[in-house]
Amino acid sequence: MVDDKGTRQRYLGNKGLVVFLAALSAFPALSTDLYLPALPVITAYYHVPEYQTNLTLILFFVVFAVSMLIWGPLSDRFGRKPVLLAGLVSYTCAGALCALSGNVFQLMAFRVLQALGTGAASSIAMAVVKDVYRGRRREVILAVIQTMTVLSPAVAPMIGALILRFTSWRGAFVAQAILGFLVLAGSVAYQETIPQKLAGSPLASLGRLVVVARNRNFIILVLTFSLPGLAIMAFISGSSYIFQVTFGLSEQTFSLFFALFAVSSAAGAQLYVLLSRFLGRNLIITGSLLVSAASGLLLLLLGFRGPWAFILTFIPTPLAFSCSRPPVANLMLSQHEGDAGSVAGVMSATHMTVSSLGMVAVSFELWGRVQTIGVLALGLSLLSLLLWLGISLPRVRSEND
């Protein structure tokens, strides 16, 4: 059993391990946000409808989600490091191939390959957190990792916009390939953290997903807190079009507005660390859902009036979502002992699959992009609040009695 102070890392060190885990957790954001400013450019370059370009995002997240259901259990069987190395090699090669894409369909295919590698990075990151940390220490580490992770979207669009000034959209994928290579070097230095590998065949390891899925409390929590992510993903998918097409801003200006979104997410994780000193975990979760619902209502009423009205009414949603993630993630991880890879895979896969529906919704523009994001933030925050107060919270309290 690994104690709650972390395992000794000969080359990375304990602080280096936290930085490494943050880098792994940042892969989904960096794999999307770095080329967000280029989405309208790619659409025009290939002369295709907007929905086809958005499929490079949607397919990425769907495959990313499914892959975590495979990588997580396999890491329980073979160890974290071999799975991590395989995934990062896939990611690095895929980034280079994306840069060479001759048409939008090739780009979709290579993004699928990139998603497979990203799934390994994310599932292993969460599994290592469960391997190494316990209790309050785990919540603090989750908050630190999340803060470092969500700062990457603040930087990524600005880098992407800068790349567009000096080269084409293909440069964004070259940058992703370089990122993959650098983190691959870190994974070579990483020392295995799994307490004990599962015995049996790889197929039997995948069967542990069924065991995890039968844990009713765990599944209810996962589904309940995946719903607010739809509004976040809808914003990520639609923001470049809202700021650049609807409001007529440049790629560089868009990247600055997107940075406000990312910084608010980073602030939310640290806000939890501060509030948790005075308020209970359950109260913070409840308050976060109420804030997100209020943000959605304001977005519907005022968000269409301009870029500042849009971002200022939306910012409370990622702030509240990020504030609730450390205690929510810890609650989920605590529901099932062992099977860290499978638990992490189910958590991340469900969140990504459900959240990806927000990307689909904003692509169809049923009420306009701004209004769609507002409806998702308001409606799904209220639904999550009802599920939390009516089902999940009573179960959590009964376990603690």
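The values are calculated or read from the model by the stated rules, or taken from the named source; none is laboratory data. Note that the coordinates shown come from a computational prediction; the quantities given were computed from them, not determined experimentally. Here Cβ is always computed from backbone atoms with ideal geometry, including for glycine, and neighbour counts include all displayed protein chains.
Quick notes on this one:
- Top-ranked residue of the stretch 361-374 - restricted to ones that are assigned to a helix (DSSP H, G or I) and modelled with pLDDT under 80, ranked as surrounded by the fewest Cβ atoms within 10 Å (Cβ to Cβ): F364
- Among the conditions (1) closer than 18 Å to A175 by Cβ; (2) of a type outside the set (A, V, I, L, M); (3) modelled with pLDDT under 90, S90 misses just one, which is (3).
- The numbered conditions (1) at pLDDT below 85; (2) hydroxyl-bearing (S, T, Y); (3) over 20 Å from the mean Cα position of the chain (by Cα) are all true for T313 except (1).
Matching residues to (1) in contact (Cβ under 8 Å) with a residue 12 or more places away in the chain; (2) within 26 Å of A234 (Cβ to Cβ); (3) surrounded by fewer than 19 Cβ atoms within 10 Å (Cβ to Cβ):
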| residue | (1), (2), (3) |
| --- | --- |
| R10 | yes, no, yes |
| N14 | no, no, yes |
| L39 | yes, yes, no |
| I42 | yes, yes, no |
| V48 | yes, yes, yes |
| I70 | yes, no, no |
| P73 | yes, no, no |
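- Any chance L260 is of a type outside the set (D, E, K, R), under 26 Å from T167 (Cα atoms) and part of a helix (DSSP H, G or I): yes
- Subset of the stretch 276-310 [free of Cβ contacts under 8 Å to residues at least 12 places away in the same chain, among the charged types (D, E, K, R) and not in a loop (DSSP other than H, G, I, E, B)]: R305
- Condition broken by L279, with the remaining ones in (1) farther than 16 Å from L376 by Cβ; (2) modelled with pLDDT under 90; (3) crowded, with 18+ Cβ neighbours inside 10 Å; (4) not basic (K, R) satisfied: (3)
- The stretch 218-244, residues that are polar (S, T, N, Q) and closer than 15 Å to S324 by Cα: T224, S226
- Unique match (being of a type in the set (A, V, I, L, M, F, W, C), part of a helix (DSSP H, G or I), closer than 17 Å to T56 by Cα and in contact with a Phe, Trp or Tyr (Cβ under 8 Å, 6 or more places away or on another chain)) among A143, A96, A121, A109: A96
- Which listed residue, of V155, V150, V128, V144, is at pLDDT 80 or above and either among the β-branched types (V, I, T) or surrounded by fewer than 24 Cβ atoms within 10 Å (Cβ to Cβ) (or both): V128
- Test result for G102, closer than 17 Å to G171 by Cα, outside any helix (DSSP H, G or I) and not aliphatic (A, V, I, L, M): yes
- Residue within the stretch 258-268 that is surrounded by fewer than 23 Cβ atoms within 10 Å (Cβ to Cβ), over 18 Å from the mean Cα position of the chain (by Cα), of a type in the set (G, A, S) and more than 18 Å from L57 (Cβ to Cβ) present: no
- Evaluation of P326 against the conditions (1) under 22 Å from W388 (Cβ atoms); (2) surrounded by fewer than 24 Cβ atoms within 10 Å (Cβ to Cβ); (3) at pLDDT below 90; (4) not aliphatic (A, V, I, L, M) shows that the sole unmet condition is (2).
- Residues satisfying the criterion are absent from the stretch 306-316 (criterion: within 15 Å of T224 (Cβ to Cβ) and not hydrophobic (A, V, I, L, M, F, W, C)).
Conditions tested, residue by residue: (1) within 15 Å of S264 (Cβ to Cβ); (2) hydroxyl-bearing (S, T, Y).
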{"position": "R281", "(1), (2)": "no, no"}
{"position": "G287", "(1), (2)": "no, no"}
{"position": "S295", "(1), (2)": "yes, yes"}
{"position": "R305", "(1), (2)": "no, no"}
{"position": "W308", "(1), (2)": "yes, no"}
{"position": "I315", "(1), (2)": "yes, no"}
{"position": "L319", "(1), (2)": "yes, no"}
{"position": "C323", "(1), (2)": "yes, no"}
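- A377 being under 21 Å from the mean Cα position of the chain (by Cα), within 30 Å of V83 (Cα to Cα) and assigned to a helix (DSSP H, G or I): no
- Pick from the stretch 6-27, criterion in a loop (DSSP other than H, G, I, E, B) and within 11 Å of V129 (Cα to Cα), ranking: modelled with the lowest pLDDT: G6
- Listed by first and then second residue, the pairs with beta-carbon distance under 8 Å, at least 6 apart or on different chains, first residue in the stretch 352-379 and free of Cβ contacts under 8 Å to residues at least 24 places away in the same chain, second hydrophobic (A, V, I, L, M, F, W, C) and assigned to a helix (DSSP H, G or I), are W367/V375.
- Residue in the stretch 318-339 that is farther than 30 Å from Q196 by Cβ, of a type outside the set (V, I, T) and free of Cβ contacts under 8 Å to residues at least 24 places away in the same chain present: no
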